[in-house]
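Engineer: Got a structure for you, written out below as structure tokens; questions coming shortly.
The values are calculated or read from the model by the stated rules, or taken from the named source; none is laboratory data. All figures in this text were calculated on a predicted structure; none of them were measured in a lab. For neighbour counting, all protein chains shown are included, and Cβ atoms are generated from backbone atoms with ideal geometry for every residue, glycine included. What goes into the accessible areas is simple: the full protein's heavy atoms, side chains included, and nothing from ligands, DNA or RNA. Shrake-Rupley method; radii C 1.70, N 1.55, O 1.52, S 1.80 Å.
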Amino acid sequence: MAGSVLAALLAVAVAGFLTGSVLGEDEMNVRQGFFLAAAFVLLGAVTSAGVWWWNRRRAAEFGMSAGRYLRVGRTVRRGEAPDDPAEREAAVDIAVRMRRALGSSSRRWVWWLVGGGALLWFLGGVFLLVDGRYGRASYNLVMAGLLLVNPLTMGRRRRRLEAAERALGIRPPA
């Protein structure tokens, strides 16, 4: 686990440095890149610690280790149910939480906000391309694409969750 956390923090540091130095106003600003890299690493470390604490606390409620709890979560995300009866209670809780999260992100106003945000990022990228600022334009276009990932994968996540709920023997809310 330490290796994956360190790899994530390294990726965050590189992303922060590139964001700060390359996407500056007119010229490369290394000092700003190091500042943003440090800020991104600090934010990533705090987030990792919070997620680790939360997972450990949730796993303790079901009498299992955090690693085992995360494996159960991956099983449910794939649309399957665990075979171990001790893990089924945790799997039901995870499926209920996933259903709640899917319900909150499928509201109509969320779709309008995400679509509007993607449109704004895309239009900003087009204007920057016309202006000849290719670095910032590509950043804006990538951000527009990243905003559209969630709506495009929503159906697949919903189908997998329904399969996991059927395998667990729980009924999804109507």
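Engineer: Go through (1) open to solvent by 40 Å² or more (accessible area, probe 1.4 Å); (2) touching a Gly at 6+ places or on another chain (Cβ under 9 Å); (3) at pLDDT 75 or above one by one and return the number of the condition Leu42 breaks.
Structural biologist: (2)
Engineer: Something else now. Could you please find all residues in segment 54-79 being open to solvent by less than 30 Å² (accessible area, probe 1.4 Å) and of a type in the set (A, V, I, L, M)?
Structural biologist: The first filter runs over segment 54-79 and keeps only residues open to solvent by less than 30 Å² (accessible area, probe 1.4 Å), leaving 55, 58-59, 64, 66, 69, 72-73, 75-76, 79.
Passing the criteria: Ala59, Met64, Ala66, Val72, Val76.
Engineer: Out of (1) under 20 Å from Ile170 (Cβ atoms); (2) in contact with a Pro (Cβ under 9 Å, 6 or more places away or on another chain); (3) in contact (Cβ under 8 Å) with a residue 24 or more places away in the chain, what's the single condition that is false for Arg78?
Structural biologist: It is condition (2) that Arg78 fails.
Engineer: So if I check each of Val51, Val96, Val92, which one is open to solvent by 60 Å² or more (accessible area, probe 1.4 Å), under 23 Å from Ala164 (Cα atoms) and among the β-branched types (Val, Ile, Thr)? Outline the logic, then answer.
Structural biologist: On the way: Val51 fails: under 23 Å from Ala164 (Cα atoms); Val92 fails: open to solvent by 60 Å² or more (accessible area, probe 1.4 Å).
Exactly one of Val51, Val96, Val92 is open to solvent by 60 Å² or more (accessible area, probe 1.4 Å), under 23 Å from Ala164 (Cα atoms) and among the β-branched types (Val, Ile, Thr), namely Val96.
Engineer: How many residues does segment 127-163 hold that are modelled with pLDDT under 85 and closer than 18 Å to Val114 by Cα?
Structural biologist: Residues in segment 127-163 being modelled with pLDDT under 85 and closer than 18 Å to Val114 by Cα: 7 in total.
Engineer: Return a yes/no flag: does segment 50-73 have any residue that is part of a helix (DSSP H, G or I), among the hydroxyl-bearing types (Ser, Thr, Tyr) and out of contact with any Lys or Arg (no Cβ under 7 Å at 6 or more places or on another chain). Quick ask: steps written out before the conclusion?
Structural biologist: Of the residues in segment 50-73, the ones part of a helix (DSSP H, G or I) are 50-61, 66-73.
Okay, now just the ones that are also among the hydroxyl-bearing types (Ser, Thr, Tyr), so 69.
Going one step further and asking which of them are out of contact with any Lys or Arg (no Cβ under 7 Å at 6 or more places or on another chain), we end up with none.
No, every residue in segment 50-73 fails to be part of a helix (DSSP H, G or I), among the hydroxyl-bearing types (Ser, Thr, Tyr) and out of contact with any Lys or Arg (no Cβ under 7 Å at 6 or more places or on another chain).
Engineer: Looking at segment 124-133, which of its residues are open to solvent by less than 60 Å² (accessible area, probe 1.4 Å) and in a helix (DSSP H, G or I)? Spell out how you get there, then give the answer.
Structural biologist: Taking segment 124-133 as the starting set, the residues that turn out to be open to solvent by less than 60 Å² (accessible area, probe 1.4 Å) are 124-126, 128, 132.
Hits for segment 124-133 are Gly124, Gly125, Val126, Leu128.
Engineer: State the number of residues belonging to segment 134-161 that are out of contact with any helix residue (DSSP H, G or I) (no Cβ under 9 Å at 6 or more places or on another chain) and open to solvent by 60 Å² or more (accessible area, probe 1.4 Å).
Structural biologist: We begin by selecting, within segment 134-161, every residue out of contact with any helix residue (DSSP H, G or I) (no Cβ under 9 Å at 6 or more places or on another chain); these are 149, 152-153, 155-156, 159.
Now drop any that are not open to solvent by 60 Å² or more (accessible area, probe 1.4 Å), which leaves 149, 152, 156, 159.
Count: 4.
Engineer: Based on what the data block shows, is Arg100 within 28 Å of Glu80 (Cβ to Cβ), in contact (Cβ under 8 Å) with a residue 12 or more places away in the chain and in a helix (DSSP H, G or I)? Explain how you work it out, then say what you get.
Structural biologist: On the way: within 28 Å of Glu80 (Cβ to Cβ): yes; in contact (Cβ under 8 Å) with a residue 12 or more places away in the chain: no; in a helix (DSSP H, G or I): yes.
Taking the combined requirement at face value, the residue does not satisfy it.
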